[in-house]
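Notes for the one structure printed next.
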Amino acid sequence: MENGHGELPRPTINIGYDGHSSQGASRKCGTPRTNPGAFPTFPYELNLANMDWKDIHIALAGITLVSFVARGLGMALQAGWLNAKPVRILPHVIDTLLLGSGLYLAWTIQQFPGTDAWLTAKLLALLAYIGLGMVALRRGRTLAVRLLAFGLALGVFGYMVVVAVTRNPWPI
């Protein structure tokens, strides 16, 4: 694996937008890549612009949903494991990555909240989801209030998914 000069190639990390229009962001899940040769050959090259951010975003949304449902069931059953440090910290890490991937996707497809109605609706729904989730998992004074907030939060999450898929703020 020498480069012709008796040296091994040095690992490179290429982070950032490479000038191609929304590669990966607008590709439907499961369709072939337009430029398979551009796929990173880690560990020698990691080009984040060629990663499939839409699939990463969808996977993180799924992990967030599963985590929220598990914590909601734990709340309803008054499970002690909800107080474990990883259970309290990991959802914030996952949600931060989810938000970061969403911001990156918005930037690559050049659509922004306040300009594009579907993204504005999704952002407002995200704020509602966060508020309802706080009531459901921590702030609700009674179990009935927490369960109501939990159900509403799941409904808002479903709305965000439908808006993301249809790119329509009124998907009904």
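Please express the shape of the stretch 53-166 as an equivalent ellipsoid: the semi-axes are the square roots of 5 times the eigenvalues of the C-alpha gyration tensor, given largest first in whole angstrom.
Over the Cα atoms of the stretch 53-166, the ellipsoid semi-axes are 27, 16, 10 Å.
Between N83 and L148, what is 0.36 nm times their sequence separation minus the Cα-Cα distance? Round to one decimal in nm.
Length gained, N83 through L148: 21.2 nm.
Given 0.36 nm per residue, what is the gain on full extension from A59 to L99 after removing their alpha carbon distance, in nm?
13.2 nm
Could you put D95, D116 in order, starting from the residue whose Cβ has the fewest other Cβ atoms within 10 Å?
Ascending number of Cβ neighbours within 10 Å: D116, D95.
Between L124 and Q110, 0.36 nm times their residue separation minus their Cα-Cα distance comes to what?
The L124-Q110 span can extend by a further 3.2 nm.
Rule-based calculations on the coordinates, nothing more; no lab input. Owing to the predicted nature of the structure, the values given are computational and were not obtained by experimental measurement. Glycine gets a Cβ as well: all are built from the backbone with ideal geometry, and neighbour counts include every protein chain shown.
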